[in-house]
Amino acid sequence: EMDSAKFDEIVLAMLWYNEHAAGSAWKSFDWESTDRLFQAGLISNPKSKRKSVDLSEEGRKLAEASFIRHFGRPK
């Protein structure tokens, strides 16, 4: 069975990377995961008409740390 907490951590890291590299955190990830991240207060509501979400201050910090831990520091 999939560990949804680990999966959500990777999705959050990728949202941070999208925001860091492209200027927007594109929300084209698993809906259940983005809903859990929203419920945890780490991103804005993914059910809006926007194609991206905003990371909260806490979400951004956790996402960056997760990205570095799993993928290394981006260039």
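The values are calculated or read from the model by the stated rules, or taken from the named source; none is laboratory data. Predicted, not measured: the structure shown is a model, and the values here were computed from it. A quick note on method: Cβ atoms are made from the backbone with ideal geometry, for glycine too, and the neighbour counts reach across all protein chains shown. These area figures cover heavy atoms from the full protein model, side chains too; ligands, DNA and RNA do not enter into them. Shrake-Rupley method; radii C 1.70, N 1.55, O 1.52, S 1.80 Å.
Summary of values
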{"quantity": "Net length gained if the chain between Arg69 and Glu32 were fully extended (0.36 nm per residue, minus Cα distance)", "calculated": "11.0 nm"}
{"quantity": "Sparse-neighbour loop sites [trypsin sites (Lys or Arg not before Pro); the stretch 1-74; at most 15 other C-beta within 10 Å; DSSP]", "calculated": "Lys47, Lys49, Arg50, Lys51"}
{"quantity": "Reachable lysines, given that their alpha-carbon falls under 17 Å from the alpha-carbon of Lys49 and they are not under 8 places away in the same chain", "calculated": "Lys27"}
{"quantity": "GluC sites (Glu not before Pro) lying in DSSP loop within the chain, provided at most 13 other Cβ fall within 10 Å", "calculated": "Glu1"}
{"quantity": "Accessible surface ranking that places the most exposed of Phe29, Phe71 first, with a 1.4 angstrom probe", "calculated": "Phe71, Phe29"}
{"quantity": "Candidate values (i) 34, 24, 21; (ii) 33, 31, 20; (iii) 53, 29, 17, label of the one derived for Cα extents along the principal axes in Å", "calculated": "(ii)"}
{"quantity": "Span-rule helices in the chain, defined as complete DSSP H runs reaching 15 Å or more along the axis (Cα) with Kyte mean at least -0.5", "calculated": "4-22"}
